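Data block below; observations after.
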Amino acid sequence: MNAVSETGGFFDGWVRNAGLMDGRLVDLCVQAGEVVALGPALAPATAKGLDAEGRALSPALVDHHLHLYAAAAALDSLNCAPPQIRCPADLRAAVASAPPGSDGWIRAVAYHPNNGGEIDRATLDAWRPDVPVRVQHVSGRRWTLNSAGLEALGEDGPWQSEQDRANGHLLDQDSWLSARLRQRRGSQPPDLSRISRTLASFGVVAVTDTGPANNATTLAQLRTAVKSGAVRQHIQMMGNASLDALYVAAAVGRDRVAVGPHKFHLLESELPDFDWLCESIGRSHAHQRPVAFHCVTRSELVFALAALESVGVMAGDRIEHAGVCPDEQAQSMARLGLWVVTQPEFVYSKGDRYLDEVAAEDQPWLYRLAGLRRAGVSLAASSDAPYGALNPWQGIAAAIQRKTRLGRSLGRDEALAFNDALNLYTGPLQAPGSAAPSFAVGCAANLCVLDRSWAEIACSPASTQALLTLARGRIVWQGDQTGALV
């Protein structure tokens with residue numbers, strides 16, 4: 001690749017000999033952030049740019065549901081998921097030997113008793129009494145702290161019971177924990193530059209950050225991160241009701257960060273008052289702001305759909321996860337015109353646990369794909385990082401294969417063809433269930449040149465990387481191999 005521009009600058013030049021999914025080789029010219037020429041053998045011999053040598057040219061990818069700050073923190077945390085941790089002895093050794101982070105804590109994520117064993121305050125004290133330790137359950141809902149961690153936070157936390165305090169178990173209190181850490185140690189939000197680079201290396205140019213507690217402060221932090229260059233992607237930020245008045249449809253193109261839907265995080269064990277929920281939906285809709293519902297269980301989905309049936313829906317209303325979705329609910333979502341953003345990668349990384357723990361009558365409805373499409377549901381996909389793998393190509397592989405980490409089938413009839421699986425990750429940021437864009441003269445240059453041909457990628461999607469990623473013509477990623485492609 002010629003030295004067209006540094007990362008962050010604009011690509012003005014040609015991508016030559018790029019492979020389209022239909023097998024054709026094309027030359028594509030980008031100027032001022034748009035595709036201005038497209039066709040076979042168009043590039044002048046002396047044109048600057050990239051010779052793709054038959055490698056795949058893809059629409060840029062979008063992660064339609066993740067948690068940016070939590071995912072950034074997870075990159076610098078002890079990973080307690082298999083294959084890193086397979087038994088309690090592995091977890092004990094990892095915690096005992098882990099170096100504290102820059103804030104003085106050992107932070108561990110993706111823990112589950114199936115592989116790490118049961119843990120509490122006393123367990124962590126025995127393993128590592130010298131520094132504060134906090135371990136997050138794979139669900140993201142519970143932290144377990146050792147005595148040094150409790151002392152660092154102060155034991156006046158929002159414990160659900162005295163027993164939870166004694167065991168060091170902090171449930172559903174991420175917002176409180178973040179605020180207390182900042183108060184006690186003056187800690188800042190995690191640096192987003194590493195996770196942004198990682199996403200760009202997979203071809204991702206836009207993300208939806210889905211924290212239900214996101215507010216104006218979070219919005220300001222994300223805008224600062226984008227302005228500084230730490231974040232290269234466009235961002236749609238979900239959040240709470242305080243952002244209703246700030247919502248502007250299709251605003252993300254102006255400053256690369258915009259307010260997204262009002263997020264409701266439903267929990268089957270603590271469903272909100274139905275009338276309050278309907279009123280909250282109505283207030284957001286009055287501001288022309290869509291709503292989004294976290295629905296992992298069947299009961300959560302039924303509750304959300306009942307509220308939307310009562311209030312009425314607007315364009316952009318969506319369901320996150322749809323973790324258990326029988327045909328009746330799928331048909332309701334299609335009739336209401338809701339978008340669904342689900343996580344195919346969970347079948348691989350969590351599928352063995354689902355097969356062992358989820359009720360048999362719910363297993364056919366887990367993280368459905370083809371069945372939702374057959375019902376007429378507008379469907380998109382995401383990582384849900386850090387609760388799923390950040391790499392979208394792993395999600396694409398899982399959507400095709402529907403195999404668990406141990407090779408067990410989970411909902412084989414929900415599998416998608418490669419093209420359909422890829423399209424789950426290429427819909428527009430603010431319309432995730434819409435059709436994927438196609439390459440055409442005059443369209444925004446949101447694209448990536450991948451490291452292999454489409455035929456090779458289709459055989460082994462999970463290891464795919466981008467050589468060049470453009471977000472509206474900006475270079476957000478240049479792989480190390482591009483120097484060999486002159």
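Scanning segment 317-334 for residues that are surrounded by fewer than 22 Cβ atoms within 10 Å (Cβ to Cβ) and either touching a residue at least 24 places away in the same chain (Cβ under 8 Å) or touching an Asp or Glu at 6+ places or on another chain (Cβ under 7 Å) (or both) returns PRO326, ASP327, GLN331, SER332, ALA334.
If you check ALA72 against the conditions, is it in a helix (DSSP H, G or I), of a type in the set (A, V, I, L, M, F, W, C), at pLDDT 90 or above and under 17 Å from the mean Cα position of the chain (by Cα)? In short, yes.
A single member of TYR69, TYR111 is touching a residue at least 60 places away in the same chain (Cβ under 8 Å) and aromatic (Phe, Trp, Tyr), and it is TYR69. Looking only at residues in segment 160-170 that are open to solvent by less than 40 Å² (accessible area, probe 1.4 Å) and of a type outside the set (D, E, K, R), which one is nearest to ASP130 (Cα to Cα)? Going through the qualifying residues, I end up with GLY168.
Looking only at residues of segment 200-217 that are part of a loop (DSSP other than H, G, I, E, B) and within 16 Å of the chain's Cα centre (by Cα), we find that the one that is surrounded by the fewest Cβ atoms within 10 Å (Cβ to Cβ) is PRO212. Checked against the criterion of being open to solvent by 40 Å² or more (accessible area, probe 1.4 Å) and either at pLDDT 90 or above or in a strand (DSSP E or B) (or both), the candidates ASP103, ASP130 yield just one match: ASP130.
Okay, residues lined up against (1) of a type in the set (D, E, K, R); (2) out of contact with any strand residue (DSSP E or B) (no Cβ under 9 Å at 6 or more places or on another chain); (3) surrounded by 17 or more Cβ atoms within 10 Å (Cβ to Cβ):
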position: GLN188; (1), (2), (3): no, yes, no
position: LEU192; (1), (2), (3): no, yes, yes
position: GLN233; (1), (2), (3): no, no, yes
position: ALA250; (1), (2), (3): no, no, no
position: VAL259; (1), (2), (3): no, no, yes
position: LEU266; (1), (2), (3): no, no, yes
position: GLY282; (1), (2), (3): no, yes, no
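Residues in segment 284-312 that are closer than 21 Å to ALA245 by Cβ and open to solvent by 10 Å² or more (accessible area, probe 1.4 Å): HIS285, ALA286, HIS287, GLN288, VAL311, GLY312.
Given the structure, is GLY395 open to solvent by less than 40 Å² (accessible area, probe 1.4 Å), among the small types (Gly, Ala, Ser) and not in a loop (DSSP other than H, G, I, E, B)?
yes
When TYR387 is tested against the conditions (1) over 15 Å from LEU199 (Cβ atoms); (2) of a type in the set (Phe, Trp, Tyr); (3) not in a loop (DSSP other than H, G, I, E, B), the lone failure is (3). For segment 434-457, filtering for residues that are in contact with a strand residue (DSSP E or B) (Cβ under 6 Å, 6 or more places away or on another chain), open to solvent by 40 Å² or more (accessible area, probe 1.4 Å) and among the polar types (S, T, N, Q) leaves 1.
Looking only at segment 237-276, filter to residues that are part of a loop (DSSP other than H, G, I, E, B) and in contact with a helix residue (DSSP H, G or I) (Cβ under 6 Å, 6 or more places away or on another chain); which one of those is farthest from ARG318 (Cα to Cα)?
Here the answer is ARG256.
Rundown of residues vs (1) closer than 30 Å to PRO113 by Cα; (2) out of contact with any Ser or Thr (no Cβ under 8 Å at 6 or more places or on another chain); (3) basic (Lys, Arg), yes/no style:
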{"position": "ASP352", "(1), (2), (3)": "yes, no, no"}
{"position": "TYR387", "(1), (2), (3)": "yes, no, no"}
{"position": "GLY395", "(1), (2), (3)": "yes, no, no"}
{"position": "ARG402", "(1), (2), (3)": "yes, no, yes"}
{"position": "GLN430", "(1), (2), (3)": "no, yes, no"}
{"position": "GLY433", "(1), (2), (3)": "no, no, no"}
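Within segment 474-482, does at least one residue satisfy the condition of being at pLDDT below 95 and assigned to a loop (DSSP other than H, G, I, E, B)? There is at least one residue in segment 474-482 that is at pLDDT below 95 and assigned to a loop (DSSP other than H, G, I, E, B). Of the set (1) modelled with pLDDT under 95; (2) part of a helix (DSSP H, G or I), all apply to ALA359 but (2).
Could you count how many residues in segment 371-392 are in contact (Cβ under 8 Å) with a residue 40 or more places away in the chain and over 11 Å from PRO344 (Cβ atoms)?
12
Scanning segment 399-414 for residues that are open to solvent by less than 60 Å² (accessible area, probe 1.4 Å), within 18 Å of ASP356 (Cβ to Cβ) and under 21 Å from the mean Cα position of the chain (by Cα) yields a count of 2.
Residue by residue through segment 428-461, note down the ones that are among the aromatic types (Phe, Trp, Tyr) and modelled with pLDDT of 95 or more. If the condition is that a residue be among the aromatic types (Phe, Trp, Tyr) and modelled with pLDDT of 95 or more, then TRP454 is the only one that fits.
Taking ALA98, is it touching a residue at least 12 places away in the same chain (Cβ under 8 Å), surrounded by fewer than 22 Cβ atoms within 10 Å (Cβ to Cβ) and touching a helix residue (DSSP H, G or I) at 6+ places or on another chain (Cβ under 9 Å)? Criteria not met by ALA98. Only residues that are in a helix (DSSP H, G or I) and farther than 14 Å from LEU379 by Cα were counted across segment 420-470, and they come to 9.
The values are calculated or read from the model by the stated rules, or taken from the named source; none is laboratory data. Every value quoted in this text rests on a predicted model; they were computed, and no experiment measured them. All Cβ positions, glycine included, derive from the backbone under ideal geometry; neighbour counts span all protein chains shown. Ligands, DNA and RNA are excluded from the accessible area calculation, which covers all protein heavy atoms including side chains. Shrake-Rupley method; radii C 1.70, N 1.55, O 1.52, S 1.80 Å.
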